[in-house]
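Reviewing the structure listed below.
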Amino acid sequence: MDTATEELRKTVLENARQAMLEGSGDPMSVIVRTVFSHSGSRELEWDELDSLIRRTYLMTRGKLGILDPLQEDVDVTEIMVNGKDRIFYEKNGKIQRYGLSFDTTEDLEEVIRNIAGSVHREINELNPIVDARLEDGSRVNGVYKNVALNGPILTIRKFSGKYITMNDLVGNGTLDRRQADFLRALVESGYNLFISGGTSSGKTTLLNALSDYVPGEERVIVIEDSMELKLSHIENIVHMECRNANSRGKGMVTMADLIKTSLRMRPDRIIVGEVRGGEVADMLQAMNTGHSGSMSTGHGNSVEGMLKRLESMYLMAVPLNVEAIRAQIAEGIDVMVHLERDSRRNRHIAEMKEVLGYENGRFILNDLTGEGGIKNLKKAEERSAEHVEILCRGTGSGDHPGEDIF
């Protein structure tokens, strides 16, 4: 950007902001008038002037500046800013490049600082990373330019206000009706489930849909990094969220802290949004101490890959013998569900496997992915008569009873 254009940009932005502070006129009118009255505008093409007007107007509207239209678009699920002029977004499952860019790195930094400040955090060269949640529930990650070599990085995972049910997941092809009925029976009968998958594979969406089937009379503890799950049908519920440290490095509350304290709250079952580290040890302790029906999610490339990751994460917290860790994993988790996205970006269940145990250096897994479903569920024999009755009766969906699935 040459000196004349930079001067014009600064003048337009200052005049627009001053007009907003004074309430002396419509910001767009002020911007247009300032642009066309400035001598520097004669050196610009019409598309450059139009872009300048649009960017300036957006920069004066709110704390996200030129990103506001993306934040307001309900079909946009993720916003990815890789430096001031490389902005991408995901809409309807497809990643696209945004037509606007920030004029300067400082403009992008200001947006990131505004977001951090709105949740009482700070980002600078001494604190170059910020994780936050916007008022609407969207998750934000910002990385300062002294860490990110191609300029400040901003990623916004938008919070969807739309509640997706199991019927919706069947309708969009994530799973079929038989799988939906199968998973419903597992939740109702108190099996411990773990959902794995890659980024944006639909783990939290499936967990939220499965939570609909938790019996309403149970006491449920929900623990998340950022609040995403909705369990409106349960009255006796405790919802807890992790907390980052303040600017002085104090006040952090980790997921492991919350899982530990949840065990003193008399839960029937515990739902953990996503495990990423040493909190796996506490989660498995909960699953192994009578809290049947607990559920969680994690990043993994397959069921077997997720089991290996759980081992590694457990070791981050407790330096136990690997054999003992694997035995606890096998004892605590009943069924693993793995989600994937295909080449067309469509989500689907790729694997469902029952964890039967651990022997001779390997996990014993029972494949439930095919049509056999609950008929092949070996742990059903160990359950109480009440649980077996739930599994055998066939659950169906909505108001229509399904076929027997055992």
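Of note:
- Charged neighbours of Y358, selected by a Cβ distance under 9 Å, balance to -1 (K, R count +1; D, E count -1).
- In nm, spacing of pseudo-spin labels at L149 and R344 (7 Å Cα→C-beta vector): 3.9 nm
- Evaluating 6.51 cos²θ - 1.76 cosθ + 1.60 at θ = phi - 60° for every residue in segment 331-344, the Karplus couplings come out as 6, x, 9, 8, 9, 9, 10, 10, 10, 9, 10, 7, 5, 9 Hz, glycine and proline recorded as x.
- P(r) of segment 58-215 over all Cα-Cα pairs, binned every 10 Å from zero, in whole percent: 10, 34, 27, 18, 11, 1
- Per residue, the accessible area of segment 82-171 comes to 51 Å², computed with a 1.4 Å probe over protein heavy atoms only.
- Stokes-Einstein diffusion coefficient of segment 175-284, Kirkwood radius over Cα pairs, 20 °C, 1.002 mPa s, in µm²/s: 143 µm²/s
- Charge tally in the Cβ shell below 15 Å around F194, where Lys, Arg are +1 and Asp, Glu are -1, F194 excluded: -1
- Of the trypsin sites (Lys or Arg not before Pro) in segment 144-242, those whose Cβ has at most 11 other Cβ within 10 Å and which sit in DSSP loop: K162
- Derived scalar couplings ³J(HN,Hα) [segment 151-159; Karplus, 6.51 cos²θ - 1.76 cosθ + 1.60; whole Hz; x for Gly, Pro]: x, x, 10, 9, 10, 10, 8, 6, 8
- Cα pair distances in segment 269-383, grouped into 5 Å bins until the bin that holds the longest one, percent each: 2, 11, 20, 24, 22, 12, 6, 2, 0
- Taking one quarter of the surface of the C-alpha convex hull of segment 252-332 gives a mean projected area of 5.3 nm².
- Local net charge near L70, Cβ-Cβ under 12 Å (Lys/Arg +1, Asp/Glu -1): -3
- Scattering profile of segment 289-337 at q = 0.17, 0.30 Å⁻¹ [log10 I(q)/I(0), Debye over alpha-carbon scatterers]: -0.52, -1.30
The values are calculated or read from the model by the stated rules, or taken from the named source; none is laboratory data. Please read these numbers as outputs of a predicted model, since none were measured by experiment. Please note: Cβ atoms are built from the backbone with ideal geometry, for glycine as well, and neighbour counts cover all protein chains shown. Heavy atoms of the whole protein, side chains included, go into the accessibility calculation; ligands, DNA and RNA do not. Shrake-Rupley method; radii C 1.70, N 1.55, O 1.52, S 1.80 Å.
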